[in-house]
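Here is the structure we will look at, set down as structure tokens.
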Amino acid sequence: MPAATPSPTPFHRAATALGQWIDSDYCPGGVEKMRAEPDRVDWVRIMPFIFLHAGCLGVIWAGASAFAVWTAVALYFIRMFAVTGIHHRYFSHKTYSTSRVGQFLLAVFAGTTVQRGSLWWACHHRHHHLHSDEPEDAHSPHVHGFWWSHIGWITSRRNFPTDYSKIRDLAKFPELVWLNRFDFVVPILFAVSLFGCGSLLAVWAPGLGTNGPQLLVWGFFISTTVLFHGTGCINSMAHLMGRRRFRTSDDSRNSAILAFITLGEGWHNNHHRYQSSTRNGFYWWEIDPTYYGLKLLAFTGFIWGLKPVPQSVLAEGAQADHHASVEAARLAAALHPELSFSSLKKVVPAAAALAVATAAAAQTTLPNKGDDPAIHKDVTALAHELNGHKPPPSLVESSRAPDA
């Protein structure tokens, strides 16, 4: 009988964690072994994550000023654009194009969000689309519960490595791999820059009432922590709250509230129906600030080739909305049979009844995951191609954009 492998000592675990803080690709036992581990919180490895949250307490000593608070707010939205427009819509889904230099600059900008490297982000997000709301999905609230999907999954050792086989289109660029491997570099430079700016403003513009420590606490620690939880809301809440317009194989939903928090990512059911579009708000009334920002960036020539939503998908959504309105009218008539539409004075209360019925019917318009045949995820075909396999014909057909 072979000898049992000795358990790593606390010193060995601490040394390994320190190595991974510096080099995210450092896996002494092998990547596959780490991915095979059960889900559990690695308290040593996530100390930087805990330090980020604890840093918010620095406000007790640094205090606050209007300039520092508004800087934190501005950096939240600027860097949320980096999460949604760069980590997500560029690196994860390639919904637009840029040059190799532009790609590198985008990755550096996205690094200020302190959400690991763009390649790690894209790797996990593509895996999410392949297995959305299935047991293999690392952050499905239906499988793992709300808190694990919101924050717990990122603390598990099995989710630390980057599976470069899922992002071969990105892994061929050594500069992107370097940024991903040493993902602590950009956040540290960003934090130091904020401290330096605050220190200079304390001397050059004392009327602003800020300084280095204060700008570091508000602009880095508080803003980044709120940014992390704003992003996490999509994992934990966008599959629980909102309306399902499209019949997808998961329980993704559209939420205007989440769209505001995340600059357009709240139109999550739209996105899961057609992931290759640059915009997540498919219709003009679905506000999508990330898309507007990318359109402005496209005018400069820095990016190009923004991918539209196919007309067939828009027509499908319009038909689903039509059926929802018809059902809402039926419910309104059933709830308020006394209303008469022949008199003008009944128009306003009837409209109010329709609005209430529409809201009530929103959750019942389409079945949840598994109730009916699903629309295949277009990213599935991409994953097959990236791994050197020919995708099944059904996946190719479902991912094709006939009107693109």
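Values in this text are rule-based calculations from the coordinates and carry no lab data. What you see is a predicted model; the values in this text were computed from it and never measured.
Below is a table of values for the structure above.
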| quantity | calculated |
| --- | --- |
| ³J(HN,Hα) computed for each position of the stretch 295-303 - Karplus, 6.51 cos²θ - 1.76 cosθ + 1.60, integer Hz, glycine/proline x | 4, 4, 5, 5, 5, 7, x, 5, 10 |
| Convex hull (Cα only) mean projected area of the stretch 117-198, reported in nm² to one decimal | 6.8 |
| Added length on full extension, which subtracts the Cα-Cα distance from 0.36 nm per residue, His323 to Ile188 | 43.4 nm |
| For the stretch 38-49, Karplus couplings with θ = phi - 60° (6.51, -1.76, 1.60), whole Hz, Gly/Pro x | x, 5, 7, 6, 9, 5, 6, 5, 9, 4, x, 5 |
| Per-residue HN-Hα couplings for the stretch 184-200 [Karplus 6.51, -1.76, 1.60; θ = phi - 60°; Hz; x = Gly/Pro] | 7, 5, 4, x, 5, 4, 5, 5, 5, 5, 5, 4, x, 4, x, 5, 5 |
| Kirkwood hydrodynamic radius of the stretch 15-237, Cα pairs, Å | 18.3 |
| For the stretch 185-212 versus the stretch 292-307, the gap between their alpha-carbon centres in whole angstrom | 31 |
| Contour excess over end-to-end distance, with Cα ends at Trp70 and Arg100 and 0.36 nm allotted per residue | 7.4 nm |
| Pairs beyond 19 Å (Cα-Cα), from Lys33/Lys94; Lys166/Lys307; Lys94/Lys307 | Lys33/Lys94; Lys166/Lys307 |
| Gap separating the Cα centres of the stretch 222-236 and the stretch 65-104, nearest whole Å | 14 |
